[in-house]
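Each remark here refers to the structure printed beneath this line.
Rule-based calculations on the coordinates, nothing more; no lab input. Note that this is a predicted model, so its numbers are computed, not measured. Ideal geometry is used to build each Cβ from the backbone, glycine not excepted, and the neighbour counts take in all protein chains shown.
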Amino acid sequence: MIPIAALQSIVSRSRPMPDDTDLSSPASAPAVADSTLPAQAVAVQGLTKTYRASGKTAAKEALIDVDLEIPRGSLFGLLGPNGAGKSTLINILAGLVTKTAGRAAIWGYDIDGAPRQSRAAIGVVPQELNIDPFFTPRELLELQAGLYGVPPAERRTDEILRALGLLDKASAYARTLSGGMRRRLMVAKAMVHSPPVLVLDEPTAGVDIELRQQLWAHVRELNLRGTTVLLTTHYLEEAEELCDRIAIINHGQVIACDRTEALLAQLDNKELTLLVDRDLAAAPESLAAYGPEKTGPRHLLFRYRASESPVTEILAAVSGAGLSIVDMTTEETDLEDLFLQLTRGAHEGEA
Ligand code: ADP
Ligand code: MG
């Protein structure tokens, strides 16, 4: 497990940069009072991306007029099926993909107006593992620090390696590292310039359960110590367990965005199926207010919000309609159902 103190010291140096940011020494930038910190770590307005048609592929609207605010300090999940536009959004923030329209700011710095500052404020762990196998973790971090202009005296290579449990592999060739170690090395790379915002694109895709738990623990810890984290995932349980806020994206559009509890509270939906004592030609008129669906000769399905219509009310109405109940089953909808509901047809229109 990672020593907490190590993580603490890493993130305590994550700080915003003043306007005259000297990117050659991000770690030595003067501390800025809390009141000057941006409320939104990331703010995106009307963000649109259309990939141009090429020889074989048609043009693709990967993002359509996306608005998104990621509050400072949050552990934010961008959840959506494959092809939803998650990586496109991340890559625009990282300066790797050019947007077609709209605005984006990281830590208050507009990506067009202050590209150097905005890029210095974000560390991105890309979806694809892209680690040069012939470098050691220490060399890779030093190289990355060089790219970001962190002077040797201010580099925290060993500290970061320790924080991610890689210090004992500091001098091993990357090609000898396990998949899990490589993932952690990617996180380490994204942190060399002490960005206040850390972005992880599908950090646990294809990663086994044990390692997933470990990565979650690292991410939680970083967040607890002050780093704003944005992660993309197509795993519901990951977003549900880890994130305090979730945005659901599908076909390039944000279709839900809220605190995780609030999203889950929307799922106050329940389903009740009743088996009654006789064949029904149709659901009785007197039950119309509850919108039952006849799912079998003697089966009635009710979809209801437990907070609005208690089950006893429905049962009373069924008795009132002169039916006896022989059996009943109930089901609760969860985030998975909401996700399926919202993203239904996700693959329609895809060849
Ligand atoms: P996600 O990360 O949610 O799986 P992406 O952002 O990678 O989604 O992709 C969104 C859509 O844009 C997909 O339909 C994908 O095929 C398309 N796309 C992604 N990158 C490119 C590209 N470089 N050129 C053309 N289309 C692309
Ligand atoms: Mg992706």
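Some observations on this one:
- Lysine pairs with alpha-carbon atoms under 22 Å apart, region 4-264, spacing 8 or more or separate chains: 9
- Three principal axis extents describe the C-alpha atoms of region 191-337; from largest down they are 71, 28, 28 Å.
- Region 85-160 and region 248-306: distance between their alpha carbon centers, rounded to Å: 45
- Over region 244-300, relative contact order from alpha-carbon pairs under 8 Å, at least 6 apart, %: 26
- The share of alpha-carbon pairs in region 268-332 lying farther apart than 18 Å comes to 24%.
- When you restrict to C-alpha pairs under 8 Å that are six or more residues apart and normalise by the size of region 4-264, the relative contact order lands at 28 percent.
- Cα-based convex hull, region 4-264, per residue volume (Å³, whole number): 134
- Sorted by Cβ neighbour density within 10 Å, fewest at the top, the residues 135, 76: 135, 76
- Rounded to the nearest 20, the size of the Cβ-charge dipole of region 268-332 about its Cα centre is 140 debye, with Lys and Arg at +1 and Asp and Glu at -1.
- By the count of neighbouring beta-carbon atoms within 10 Å, fewest first, 66, 326 end up ordered 326, 66.
- Note on region 4-264: dipole from Cβ charges, positive end direction compared against 177, 253, 203; the farthest Cα belongs to 177.
- Rounded D (µm²/s) - region 85-178, Kirkwood Rh over Cα pairs, Stokes-Einstein at 25 °C, 0.890 mPa s: 162
- Taking the Cα centre of region 4-264 as origin and assigning +1 to Lys and Arg Cβ atoms and -1 to Asp and Glu Cβ atoms, the resulting dipole is close to 560 debye.
- Sorted by Cβ neighbour density within 10 Å, fewest at the top, the residues 273, 312, 232: 312, 273, 232
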